1. Does residue 270 satisfy the condition of being under 22 Å from residue 217 (Cα atoms), near the ligand (Cβ under 9 Å from one of its atoms) and free of Cβ contacts under 8 Å to residues at least 40 places away in the same chain?
2. If I ask for residues that are surrounded by fewer than 15 Cβ atoms within 10 Å (Cβ to Cβ), under 24 Å from residue 267 (Cβ atoms) and at pLDDT 90 or above, which ones from segment 203-223 would you list?
3. Would segment 26-39 turn up any residue that is part of a strand (DSSP E or B) and touching a residue at least 24 places away in the same chain (Cβ under 8 Å)?
4. Please work out if residue 210 is touching a helix residue (DSSP H, G or I) at 6+ places or on another chain (Cβ under 8 Å), more than 20 Å from residue 70 (Cα to Cα) and part of a strand (DSSP E or B).
5. Got a number for residues in segment 27-37 being in contact with a strand residue (DSSP E or B) (Cβ under 7 Å, 6 or more places away or on another chain) and under 12 Å from residue 6 (Cα atoms)?
6. Being out of contact with any helix residue (DSSP H, G or I) (no Cβ under 8 Å at 6 or more places or on another chain) and more than 15 Å from residue 7 (Cα to Cα) is the filter here, so list the residues in segment 61-93 that pass it.
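The values are calculated or read from the model by the stated rules, or taken from the named source; none is laboratory data. All of these numbers come straight from a predicted model, not from anything done at the bench. Positions of Cβ are backbone-derived with ideal geometry, glycine not excepted, and every protein chain shown enters the neighbour counts.
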Ligand code: FES
């Protein structure tokens, strides 16, 4: 994982009710690392808060990263950003990291719920530049409350705003009942929308529907872990992971220096290669196919299905 760098808040702009966009630059005027559509950064805020925000600006614009933050009632991070930050402030951020890459396809269906438009905006631009067809279904309470709508409109081929307050709420099950040929569906939004899309697309071709979770995906109740053994092949270390403790915490306590950030299975920074043993995946990143492949796991939340795991650590 890249070490956090210092950034200057160059500009703050309102991009919808309760949504602020932050343009971040290098304080010395240098370039920032490039990013691919779907990437996010880890913003390090006072009090040790670390939050992931999707980069929603144009990857072609070098030297500036753009994120957008919706103020959430009671949210410490968004409250700080909305109330305390002013242009010129210095912030720390790590990344970019991409757990939601845009794969090539002739047709795309993008499905955004509110601030979930942020990772999809660079995708819409890239898909437009690649000559792909782009349909965006943008769900919001009202059209006026759909953040970054003008930008979305500028790069979506077909845009439908589904506004619950205007009687145009999206019927997810009906809209997705028939899989679209040669189409990749990218979805980001609140959990009820994501779960509805997940449910409605179970019969779509494997790998054709992709999600970005801002918060941990609700997990199945089954699979609560008992204790198991974890062996770190390169470090030559074996530890017992007690029930209720994460692999990450166990290995950190044993003295390993490991990358991590969210500790909730949403950022991907702790992803670790699995050499032996079956994993009970509890993250919000890996697809069904990736889970079945059992090649890697997020050690902050996932456990063993059996008595032992061997990791490439
Ligand atoms: S620390 Fe973020 S996924 Fe594990």
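1. On the way: under 22 Å from residue 217 (Cα atoms): yes; near the ligand (Cβ under 9 Å from one of its atoms): yes; free of Cβ contacts under 8 Å to residues at least 40 places away in the same chain: yes.
Against the criterion (under 22 Å from residue 217 (Cα atoms), near the ligand (Cβ under 9 Å from one of its atoms) and free of Cβ contacts under 8 Å to residues at least 40 places away in the same chain), residue 270 qualifies.
2. 207
3. Applying the first criterion (part of a strand (DSSP E or B)) to segment 26-39 yields none.
No.
4. no
5. Kept after step one, since they are in contact with a strand residue (DSSP E or B) (Cβ under 7 Å, 6 or more places away or on another chain), are these residues of segment 27-37: 27, 32-33, 35.
Cutting the leftovers down to under 12 Å from residue 6 (Cα atoms) gives us 27, 32.
Looking only at that region, the number is 2.
6. Of segment 61-93, the ones out of contact with any helix residue (DSSP H, G or I) (no Cβ under 8 Å at 6 or more places or on another chain) are 61-67, 73-75, 77-79, 81-93.
61, 73, 74, 75, 77, 78, 79, 82, 83, 84 - these are the residues of segment 61-93 that are out of contact with any helix residue (DSSP H, G or I) (no Cβ under 8 Å at 6 or more places or on another chain) and more than 15 Å from residue 7 (Cα to Cα).
To keep it simple, each residue is scored yes or no on (1) outside any loop (DSSP other than H, G, I, E, B); (2) over 20 Å from the mean Cα position of the chain (by Cα).
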position: 234; (1), (2): no, yes
position: 258; (1), (2): no, yes
position: 267; (1), (2): no, no
position: 275; (1), (2): yes, yes
position: 284; (1), (2): no, no
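Here is a yes/no grid of residues against (1) surrounded by fewer than 21 Cβ atoms within 10 Å (Cβ to Cβ); (2) near the ligand (Cβ under 8 Å from one of its atoms):
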site: 258; (1), (2): yes, no
site: 264; (1), (2): yes, yes
site: 276; (1), (2): yes, no
site: 287; (1), (2): yes, no
site: 311; (1), (2): no, no
